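Enquirer: Quick one: this structure, given as structure tokens, is what I'll be asking you about.
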């Protein structure tokens, strides 16, 4: 993609820009990337009504010279958004075009603009812009029946120190369908969280995903659905594990279903279940039988990358332009973190 000397225009992407954006991804981002080659998946990720969720920088000939993709958390006009594919052409003569794209998005009235998986080297830039930054925490619960792990690295001492979760007779965990979710979870009660997700986002993201198969489990107190866990099984090295990638509802209820989660691991011969998050009660997570992973130490490794698989711990850094840090509630599947590459 060649940049001319003509003025650069920032604008919101239209449906008719789809092919041009996919070509730009292939040339400037990564050749053969799924979002450059799979049109159906591209549309699933970024189509919203008659528009595409991209901010574009174009010259007068409509050549793309920069882009910023984003994902909406709801259908509201002022919805929270996660930035995703953020790229300026290699030969751009404007050193701040990337920031201009971001500021253009921020000027469109969204309650908060966030990003997960940011490069640690860029944290200083976001702090300079006045954003809040941080690092996601990772928790894990190993299968107590296993001694040898292929995906994870967990030594015997670490296994021995893990808390044994218990069953609570008034709580149960079972898979639920989309109707049961929609009829029993009031997403309007989640307004205190950043991001605020609506039912349409949740149903599309997890029940209608064209590539990944998500397992949506309900935490029941008696017969009442109180919390929803979204999980996805991952495989590598001839073994499998389970990842909790999103949670809706009362996080305090996690402490009551640790025994159920462990039983699920044993039944399916899974190495572990993990949870990558920020803003969720650490006390409730640990009470469920999870241990916190030390991301600065490789004695225990709970991998983050599975496509392709990389056996190492990974810090997931984030930024948000919101000052309401106590309302942040981030999970592994937010933005484009849990996406085929």
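The values are calculated or read from the model by the stated rules, or taken from the named source; none is laboratory data. As the structure is a prediction and not an experimental result, all values here were calculated from the model. Cβ coordinates were reconstructed from backbone atoms using ideal geometry, including for glycine residues, and neighbour counts include every protein chain displayed.
Conditions (1) within 23 Å of the chain's Cα centre (by Cα); (2) under 24 Å from residue 269 (Cβ atoms); (3) not in a helix (DSSP H, G or I), marked per residue:
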position: 124; (1), (2), (3): yes, no, no
position: 140; (1), (2), (3): yes, yes, yes
position: 150; (1), (2), (3): no, yes, yes
position: 159; (1), (2), (3): no, yes, no
position: 168; (1), (2), (3): no, no, yes
position: 180; (1), (2), (3): no, no, no
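Enquirer: Only one residue in 255, 237 is over 21 Å from residue 206 (Cβ atoms), assigned by TED's automatic domain parsing to the domain that holds residue 148, surrounded by fewer than 16 Cβ atoms within 10 Å (Cβ to Cβ) and over 18 Å from the mean Cα position of the chain (by Cα). Which one? First the steps, then the outcome.
Expert: Values: 255 fails: surrounded by fewer than 16 Cβ atoms within 10 Å (Cβ to Cβ).
That would be 237, the only listed residue that is over 21 Å from residue 206 (Cβ atoms), assigned by TED's automatic domain parsing to the domain that holds residue 148, surrounded by fewer than 16 Cβ atoms within 10 Å (Cβ to Cβ) and over 18 Å from the mean Cα position of the chain (by Cα).
Enquirer: Please work out if residue 116 is over 15 Å from residue 335 (Cα atoms) and either at pLDDT 95 or above or not in a loop (DSSP other than H, G, I, E, B) (or both).
Expert: It is false that residue 116 is over 15 Å from residue 335 (Cα atoms) and either at pLDDT 95 or above or not in a loop (DSSP other than H, G, I, E, B) (or both).
Enquirer: Could you figure out which of (1) surrounded by 15 or more Cβ atoms within 10 Å (Cβ to Cβ); (2) within 17 Å of residue 172 (Cα to Cα); (3) out of contact with any strand residue (DSSP E or B) (no Cβ under 9 Å at 6 or more places or on another chain) isn't true of residue 198?
Expert: In the conditions (1) surrounded by 15 or more Cβ atoms within 10 Å (Cβ to Cβ); (2) within 17 Å of residue 172 (Cα to Cα); (3) out of contact with any strand residue (DSSP E or B) (no Cβ under 9 Å at 6 or more places or on another chain), residue 198 misses (2) alone.
Enquirer: With modelled with pLDDT of 95 or more, touching a helix residue (DSSP H, G or I) at 6+ places or on another chain (Cβ under 7 Å) and buried (at least 16 other Cβ atoms within 10 Å of the Cβ) as the only criterion, which of 216, 244, 211, 176 stands out? Even if it seems obvious, please write down each step before you answer.
Expert: Details: 244 fails: touching a helix residue (DSSP H, G or I) at 6+ places or on another chain (Cβ under 7 Å); 211 fails: buried (at least 16 other Cβ atoms within 10 Å of the Cβ); 176 fails: touching a helix residue (DSSP H, G or I) at 6+ places or on another chain (Cβ under 7 Å).
Answer to the check: 216.
Enquirer: Of all residues in the stretch 1-25 being modelled with pLDDT under 95 and in contact with a strand residue (DSSP E or B) (Cβ under 8 Å, 6 or more places away or on another chain), which is surrounded by the fewest Cβ atoms within 10 Å (Cβ to Cβ)?
Expert: Ranking the qualifying residues of the stretch 1-25, first place goes to 1.
Enquirer: Same structure again: Can you tell me which residue is farthest from the chain's Cα centre (by Cα) among those in the stretch 113-122 that are surrounded by fewer than 17 Cβ atoms within 10 Å (Cβ to Cβ) and in contact (Cβ under 8 Å) with a residue 40 or more places away in the chain?
Expert: In this case the residue turns out to be 120.
Enquirer: Could you check how many residues of the stretch 32-61 are modelled with pLDDT of 95 or more, touching a helix residue (DSSP H, G or I) at 6+ places or on another chain (Cβ under 9 Å) and surrounded by fewer than 15 Cβ atoms within 10 Å (Cβ to Cβ)?
Expert: Summing the residues that are modelled with pLDDT of 95 or more, touching a helix residue (DSSP H, G or I) at 6+ places or on another chain (Cβ under 9 Å) and surrounded by fewer than 15 Cβ atoms within 10 Å (Cβ to Cβ) in the stretch 32-61 gives 5.
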